[in-house]
Amino acid sequence: MAETSRLAGTKRGRGDEEIGADSNSNADSDPRQALGLENNLTFSDTLVALQMMRSQFPSVEKSLKKEKVLRVFKLSTGQDDHAIMFMEDYLKQMASSVKRFEKEKQHDLEVFEWFKTYVMESKLDVCIAHQELCSLLSHGGEVTDRHVTLLISAGLLTRQLIDPNMYWFAIPNIGSILKGLSQGRKELLSLLNRRKYKEMPLAPLEKKRLRLSPLDMRFHLRDLIGSGHLKSLQTPAGIIVRVAKD
C-alpha cells in the first residue's frame with residue numbers, strides 16, 4: 001500500500017471548505033475528529049485504527065518496527081512511495097516465493113532461512129549494503145554470489161540503480177500491484193483533467209471503475225489526496241474532488 005500520510009491543507013474558498021488535516025489543528029490531538037473525507041469514503045474500522053496510529057507517528061511506527069510487527073518497504077512507483085506490511089504477511093509471501101525454487105530443486109536454498117533469521121530479524125531499514133548483507137548471511141554459513149542472486153531472483157532484494165552495492169528490501173510478486181498503482185494514478189488524474197473544471201462530485205466518482213488498475217477507486221482517491229495531487233472540498237452540493245494546482 002502506498003504511503004499517504006500527507007493530507008490536503010485547510011485553505012478555504014468562497015462557498016466551499018477544503019477537507020483535510022492541518023498540523024496545528026485540534027484534530028491532531030483527537031484522531032477520531034480528523035477523518036474528514038475518510039468518513040465519506042465509507043472507510044472501515046481498520047482505517048480509523050490506522051488514522052489513530054498515524055496521529056502517534058513516529059513513536060508507534062518505530063515501536064512496531066522494533067517489535068517486528070511491521071516492515072516498511074520503498075516502492076519504485078515514486079520517490080516518496082512506501083509500503084507498510086505486517087511482518088507475518090511478508091513472511092508468508094516470502095515462503096510462497098521460495099516454494100517455486102524448491103519445486104525446481106535448485107541448490108543453495110539455505111540462504112532463504114539465513115535471510116529470514118539473520119537479516120530480517122536485525123536489519124530494519126528499507127535498504128542494505130552488499131557488505132553488510134553478506135556479513136549477516138555469513139552467520140548461517142559461507143556466502144557466495146549464488147546466494148545473493150537467489151535472493152534477488154526471489155524478489156526479496158532489488159539492486160539500487162544509483163549504487164549497485166546497495167539493495168532495497170522488496171516484496172515478492174508485487175509487480176502487478178505496482179503496475180496497477182501507477183496506471184491507476186494516471187487514469188484517475190486523466191479522468192479529472194479532461195473535465196472543464198478538473199473536478200467531479202465524490203459520490204459518482206468513487207463508483208467508477210478504472211480499466212487499468214485492479215485496485216479500488218477509493219484506494220486511488222486516498223492515495224492521490226494523501227500525496228497532494230488531488231484535494232477534496234465540501235460544497236453546498238456535497239463533496240467534490242479536484243485536481244490540485246501545481
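For the cross-link pairs LYS105/LYS179; LYS123/LYS186; LYS92/LYS207; LYS74/LYS123; LYS68/LYS116; LYS74/LYS186, which exceed 24 Å when the distance is taken from alpha carbon to alpha carbon? Pairs exceeding 24 Å: LYS105/LYS179; LYS123/LYS186; LYS92/LYS207. Panel values: the stretch 92-131, Kirkwood radius from alpha carbon pairs, Stokes-Einstein at 37 °C and 0.692 mPa s, translational diffusion coefficient 288 µm²/s. Per-residue packing, averaged as other Cβ atoms within 10 Å, sorts the ranges 112-122, 85-95 into the order 112-122, 85-95, beginning with the highest. Across the stretch 160-171, computed HN-Hα scalar couplings (Karplus, 6.51 cos²θ - 1.76 cosθ + 1.60, θ = phi - 60°) run 6, 5, 7, 8, x, 8, 10, 10, 8, 5, 10, 9 Hz from first to last residue, x flagging Gly and Pro.
Computed 3J(HN,Hα) for the stretch 200-216, one whole-Hz value per residue from the Karplus formula 6.51 cos²θ - 1.76 cosθ + 1.60 where θ = phi - 60°, is 7, x, 4, 3, x, 5, 6, 8, 6, 10, 8, 6, 9, 9, x, 7, 5, glycine and proline marked x. Measuring between their Cα centroids, the stretch 169-246 and the stretch 86-164 lie 35 Å from each other.
For LYS99 and ILE152, the difference between the fully extended length at 0.36 nm per residue and the C-alpha to C-alpha distance is 17.6 nm.
Taken together, the values in this text are just the output of simple stated rules run on the coordinates, not laboratory data. Keep in mind the model is a prediction, meaning the values are calculated, not measured. Backbone-built Cβ (ideal geometry, glycine too); neighbour counts: all protein chains shown.
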